[in-house]
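**Q** Below is the structure I would like to discuss, written out as structure tokens.
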There are 2 protein chains.
Amino acid sequence: MSAPPTSAAGVLARCAELDQLSAHPQHLERLHLTAEHAAANRLTAGWMELAGLRTWQDAAGNQWGRREGAAPGQPALVLGSHLDTVPDAGSFDGMLGVVMAVAVAERLRGADLPFALEVVGFSDEEGARFGKALLGSQAVAGTWDPAWWDLRDDDGVTLHRAFGDFGLDPDRVGDAARRPAELVGYLEAHIEQGPYLEAADRSLGYVTAIAGARRFRLSVLGEARHAGGTPYPRRRDALVGASEAVVAVERLARAGDAIATVGRLEVLPGAVNVIPGRADLTLDLRAATDEERDAMWDVMRAEIAGICDRRGLGLEVVETHRAPAAPCAGWLQQAVAHGIRATDDLGAAEPMGLWSRAGHDAMALAAVTDVGMLFLRCADGISHSPDEDVREVDVARGLDAFEAAVRSVAAAVRSRP
Amino acid sequence: MSAPPTSAAGVLARCAELDQLSAHPQHLERLHLTAEHAAANRLTAGWMELAGLRTWQDAAGNQWGRREGAAPGQPALVLGSHLDTVPDAGSFDGMLGVVMAVAVAERLRGADLPFALEVVGFSDEEGARFGKALLGSQAVAGTWDPAWWDLRDDDGVTLHRAFGDFGLDPDRVGDAARRPAELVGYLEAHIEQGPYLEAADRSLGYVTAIAGARRFRLSVLGEARHAGGTPYPRRRDALVGASEAVVAVERLARAGDAIATVGRLEVLPGAVNVIPGRADLTLDLRAATDEERDAMWDVMRAEIAGICDRRGLGLEVVETHRAPAAPCAGWLQQAVAHGIRATDDLGAAEPMGLWSRAGHDAMALAAVTDVGMLFLRCADGISHSPDEDVREVDVARGLDAFEAAVRSVAAAVRSRP
């Protein structure tokens, strides 16, 4: 007999089902606007319907379900997260939040709520296909930028073309946008993707703010020449310059209490016996506040420019992403904290608040409605890796807390003058 | 009226024709056992036939032409170079030597030679497709290693499969091997791919020895984790470790008078917001002698292992190529030097001898016959780049020298007791 979908075991079983929808048999990769994405939307829509929700896929490929509240057409409290993954992903980043949202909607079937309840599985949070994160949630927030249509994936396919291939009409992406008046707020459950809850021996935490990343594409430009025949004084090796930059980025970030990651580095022409003429790398930069982050970038940029100057290398920098830090709304922080108090996680302690180093769909939604987040402890802080793991007990407490948080939101809405 | 194929202008025109046989319309890339390779063999065979040679493609995809000497079936003096290129290549590395060899064979039509004259266009010198260099010339030298059949290109195609796709029978690769008794020697003309002739204001030089490269594939193994959520003490970033290794390789090579190049570096999983879990890089290492080169590798390996240890990273090393330094035969050095003296390059000066930092097909042929090489000045030492260039006057002198070198070999053979 299978576990009920409202239980922690049921939630984990559904996460394992989503694992099967991958571009690769050996590891999980589900990118934006792929066949796997379409299949994940269909599977999730089926679960939503089992939970009594009316379902639709919106104009940006996000999967939605909705159940009306006390009266039809009321503004909605939205619960959700994302269904896309990074390459070689774990099983919980995003998916756990979507599956928990469905489970909580099922638990609240028949509850008397003063708002409609909606569940969403966003189409793109990671940005792993087009290099631009939060495409799904930004469409919903109404912050879509038409310049994104020209973004290309590794195969040269534009976002515009991918929309068409997926059966979406790019001209109608605006239909995915929600108006503030339609929304009560947005709540998202997510694994912490960091070590702080585990270090504090807590299952759950509420999020105070989400740090905003800036991302850059840097191109170091040298000269491709023969590996054997070119003596050092005549070399302008783009990879050695880029490597010095990678090492400097780590040193500066550590010294300045920021987090900086070079996740991609590509060398051209990329032959064993040719000096690299070009190296393209990405930089993802985060800090506790936007001011600290921006000051750190100024220092890093100057340092990298100096490395390139000394080596006779060119440098091109393009900013590909910039998200401001998004504070969680005070009343939704309180609702999530109230939800955590309703579990057996705490003993006499108070719920733990923490800021998110990782970006989340809630950042984009903050442009259109109040947002709140519930974090679940994950094993050793590991994420974006097949070793990503959560404990069943934490999922059980998370479901209880998430359900209680929704009830707390309902109480808050009812008490409004 | 087009330039005669025996002139420098005619040779440069044929190099430009070979440029058209590329996998890419915008830049030159002609890899081993591709459609472009087959087309280059056909075009070259046509030129060989115009020069009065009988042609065949051998069991390893090398293109040959032969004209008998004074008596049929005599041993052959082989002139040649390679027809494959690196990605985004220049127009002269390899091709110039093949086209010059055809031109010299044409010039020597009707000459009374005490050997057969053969011209060869080798199928693979660069190793750009399968990561293993000199595949064509090693088949001819009889030093083929069956382990190479499992080498794979970037699309996962094995060398064995590529042979079949090209219409070759892998079981018959041994048929390409030549016996020492069939050969008088091997002469190769090639651009210097270095700055030494230009610095000395010489068109031409003779090669004393070819330094042997060692090549390695290094894999730095870390842990893929979330870029935002993972604080520095928990990071095991494979790319930062690999970058330190790249910088150390340059520092050590410069200090030790070696030449070392990291030409490829690939990051996995390669997403903007994921800490690299793995970095695979290549190392190409050369020095004036095998002893210096091997001592340098020991130092580099220890340094890289230390970097990985300090960072909690794994390290795997595979040697993919090791060629011993190949000395050019004294009598063929003299023949080439004699050929240079027959040109107007020198005034009263003696021909310049130099050792080759780059590998050449002659290295492989040295296992089966005596070898000699003629270097031509190239612009600013640039090679493996679209900016590769030679002056027409240097090609004219090179043709005169190469022809005179063959006549000098003929005189030496005739004078044998």
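The values are calculated or read from the model by the stated rules, or taken from the named source; none is laboratory data. Please read all numbers here as calculations on a predicted model, not as lab measurements. All Cβ positions, even for glycine, are placed from backbone atoms using ideal geometry, and neighbour counts span all protein chains on display. Remember, those area values only see protein heavy atoms, side chains included, never the ligands or the DNA or RNA. Shrake-Rupley method; radii C 1.70, N 1.55, O 1.52, S 1.80 Å.
**Q** Every residue in the stretch B:240-285 that is charged (D, E, K, R) and either under 17 Å from B:L218 (Cβ atoms) or not assigned by TED's automatic domain parsing to the domain that holds B:R225 (or both), please.
**A** If the condition is that a residue be charged (D, E, K, R) and either under 17 Å from B:L218 (Cβ atoms) or not assigned by TED's automatic domain parsing to the domain that holds B:R225 (or both), then B:E244, B:E250, B:R251, B:R264, B:E266, B:R278, B:D280, B:D284 are the ones that fit.
**Q** Any idea which residue in the stretch A:166-201 is most open to solvent (accessible area, probe 1.4 Å), counting only those that are more than 21 Å from A:V98 (Cβ to Cβ) and at pLDDT below 95?
**A** A:D201
**Q** Moving on. Is it the case that some residue within the stretch A:229-244 is more than 10 Å from every other protein chain (Cβ to nearest Cβ) and surrounded by fewer than 24 Cβ atoms within 10 Å (Cβ to Cβ)? Outline the logic, then answer.
**A** Quick first cut of the stretch A:229-244, residues more than 10 Å from every other protein chain (Cβ to nearest Cβ) only: A:236, A:238.
Filter once more, keeping what is surrounded by fewer than 24 Cβ atoms within 10 Å (Cβ to Cβ): A:236.
Within the stretch A:229-244, one or more residues are more than 10 Å from every other protein chain (Cβ to nearest Cβ) and surrounded by fewer than 24 Cβ atoms within 10 Å (Cβ to Cβ).
**Q** Does the stretch A:367-382 contain any residue that is of a type in the set (V, I, T) and farther than 26 Å from A:D93 by Cβ? Break it down into steps so the answer makes sense when it comes.
**A** Residues of the stretch A:367-382 that are of a type in the set (V, I, T), as a first pass: A:368-369, A:371, A:382.
Pick out the ones that are also farther than 26 Å from A:D93 by Cβ and you get none.
The answer is no, given that none of the residues of the stretch A:367-382 is of a type in the set (V, I, T) and farther than 26 Å from A:D93 by Cβ.
**Q** Sticking with this one: Can you find a residue in the stretch A:298-312 that is more than 30 Å from B:A128 (Cα to Cα), out of contact with any helix residue (DSSP H, G or I) (no Cβ under 9 Å at 6 or more places or on another chain), surrounded by 19 or more Cβ atoms within 10 Å (Cβ to Cβ) and away from chain B (no Cβ under 12 Å)?
**A** No - not one qualifying residue is present in the stretch A:298-312.
**Q** State whether one or more residues within the stretch B:206-227 are away from every other protein chain (no Cβ under 14 Å), of a type in the set (S, T, N, Q) and either more than 23 Å from the chain's Cα centre (by Cα) or surrounded by fewer than 19 Cβ atoms within 10 Å (Cβ to Cβ) (or both).
**A** The answer is yes; a qualifying residue exists.
**Q** Let me ask another. Take A:G121 and tell me if it is assigned to a helix (DSSP H, G or I), closer than 17 Å to A:H190 by Cα and either open to solvent by less than 10 Å² (accessible area, probe 1.4 Å) or within 14 Å of chain B (Cβ to nearest Cβ) (or both).
**A** Numbers: assigned to a helix (DSSP H, G or I): no; closer than 17 Å to A:H190 by Cα: yes; either open to solvent by less than 10 Å² (accessible area, probe 1.4 Å) or within 14 Å of chain B (Cβ to nearest Cβ) (or both): yes.
When the stated conditions are applied, A:G121 does not pass them.
**Q** Which of the residues that make up the stretch A:258-313 are among the charged types (D, E, K, R) and within 21 Å of A:D153 (Cβ to Cβ)? Give the steps one after another, and end with the answer.
**A** Looking only at the stretch A:258-313, we keep the residues that are among the charged types (D, E, K, R), and these are A:264, A:266, A:278, A:280, A:284, A:286, A:290-294, A:298, A:301, A:303, A:309-311.
Passing the criteria: A:R264, A:E266, A:R278, A:D280, A:D284.
**Q** So which of B:D400, B:D389, B:D345 is modelled with pLDDT under 95 and either open to solvent by 20 Å² or more (accessible area, probe 1.4 Å) or assigned to a loop (DSSP other than H, G, I, E, B) (or both)? Before you say what the answer is, go through the steps one by one.
**A** Values: B:D400 fails: modelled with pLDDT under 95; B:D389 fails: modelled with pLDDT under 95.
Answer to the check: B:D345.
**Q** Quick check on my filter: what residues within the stretch A:52-71 are among the hydrophobic types (A, V, I, L, M, F, W, C), without any contact (Cβ under 8 Å) to a residue 60 or more places away in the chain and touching a strand residue (DSSP E or B) at 6+ places or on another chain (Cβ under 7 Å)? Walk me through how you get there before you give the answer.
**A** Our first condition is that a residue be among the hydrophobic types (A, V, I, L, M, F, W, C); within the stretch A:52-71, this holds for A:53, A:56, A:59-60, A:64, A:70-71.
Going one step further and asking which of them are without any contact (Cβ under 8 Å) to a residue 60 or more places away in the chain, we end up with A:56, A:64, A:70-71.
Matches in the stretch A:52-71: A:W56, A:W64.
**Q** Restricting to the stretch B:357-380, count the residues that are outside any loop (DSSP other than H, G, I, E, B) and either modelled with pLDDT of 95 or more or under 13 Å from the mean Cα position of the chain (by Cα) (or both).
**A** So the count comes out to 11.
So that you can scan it fast, the table gives a plain yes or no per residue for (1) open to solvent by 60 Å² or more (accessible area, probe 1.4 Å); (2) away from chain B (no Cβ under 14 Å); (3) under 27 Å from A:E182 (Cα atoms); (4) touching a residue at least 24 places away in the same chain (Cβ under 8 Å):
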position	(1), (2), (3), (4)
A:L332	no, yes, yes, yes
A:H360	no, no, yes, yes
A:A367	yes, yes, yes, yes
A:S385	no, no, no, yes
A:A396	no, yes, no, yes
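**Q** Suppose the filter is at pLDDT 95 or above and not basic (K, R); does A:M1 pass it?
**A** Judged against the criteria, A:M1 is not a match.
**Q** On to the next question. Among (1) within 14 Å of chain A (Cβ to nearest Cβ); (2) over 30 Å from B:A411 (Cβ atoms), which single condition is B:A325 missing?
**A** Answer for B:A325: the failing condition is (2).
**Q** Have a look at B:D394, B:D345 and point out the one that is out of contact with any Cys (no Cβ under 9 Å at 6 or more places or on another chain) and charged (D, E, K, R). Working first, answer last.
**A** Values: B:D394 fails: out of contact with any Cys (no Cβ under 9 Å at 6 or more places or on another chain).
Just a single option satisfies the conditions, and that option is B:D345.
**Q** Would you confirm whether or not the stretch B:280-297 contains a residue that is of a type in the set (K, R) and open to solvent by 40 Å² or more (accessible area, probe 1.4 Å)? Give the steps one after another, and end with the answer.
**A** The first filter runs over the stretch B:280-297 and keeps only residues of a type in the set (K, R), leaving B:286, B:293.
If we keep only those that are open to solvent by 40 Å² or more (accessible area, probe 1.4 Å) as well, we get none.
Among the residues of the stretch B:280-297, not one is of a type in the set (K, R) and open to solvent by 40 Å² or more (accessible area, probe 1.4 Å), which makes the answer no.
**Q** What about A:A128, is it of a type in the set (A, V, I, L, M, F, W, C) and outside the structural domain of A:R293 (by TED's automatic domain parsing)?
**A** For A:A128, the condition - of a type in the set (A, V, I, L, M, F, W, C) and outside the structural domain of A:R293 (by TED's automatic domain parsing) - is met.
For (1) open to solvent by 30 Å² or more (accessible area, probe 1.4 Å); (2) more than 14 Å from chain A (Cβ to nearest Cβ); (3) assigned to a loop (DSSP other than H, G, I, E, B), each residue gets a yes or a no:
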| residue | (1), (2), (3) |
| --- | --- |
| B:G61 | no, yes, yes |
| B:G73 | yes, yes, yes |
| B:V78 | no, yes, no |
| B:V86 | no, no, yes |
| B:V102 | no, yes, no |
| B:G127 | no, no, yes |
| B:W148 | no, yes, no |
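**Q** I'd like the full set of residues that are in a helix (DSSP H, G or I) and among the acidic types (D, E), limited to the stretch B:282-314. Don't jump to the end; show me each part of the working.
**A** Applying the first criterion (in a helix (DSSP H, G or I)) to the stretch B:282-314 yields B:290-310.
Within the stretch B:282-314, B:D290, B:E291, B:E292, B:D294, B:D298, B:E303, B:D309 meet the criteria.
**Q** Scan the stretch B:8-31 for residues that are surrounded by 17 or more Cβ atoms within 10 Å (Cβ to Cβ) and small (G, A, S) and jot them down.
**A** Within the stretch B:8-31, B:A8, B:G10, B:S22 qualify.
Okay, residues lined up against (1) touching a His at 6+ places or on another chain (Cβ under 9 Å); (2) surrounded by 22 or more Cβ atoms within 10 Å (Cβ to Cβ):
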| position | (1), (2) |
| --- | --- |
| A:H338 | no, no |
| A:A364 | no, yes |
| A:F375 | yes, yes |
| A:C378 | no, yes |
| A:I382 | yes, yes |
| A:S415 | no, no |
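**Q** Could you please find all residues in the stretch A:245-268 being at the interface with chain B (Cβ under 7 Å from one of its Cβ atoms) and open to solvent by 30 Å² or more (accessible area, probe 1.4 Å)?
**A** Passing the criteria: A:V247, A:R254, A:R264.
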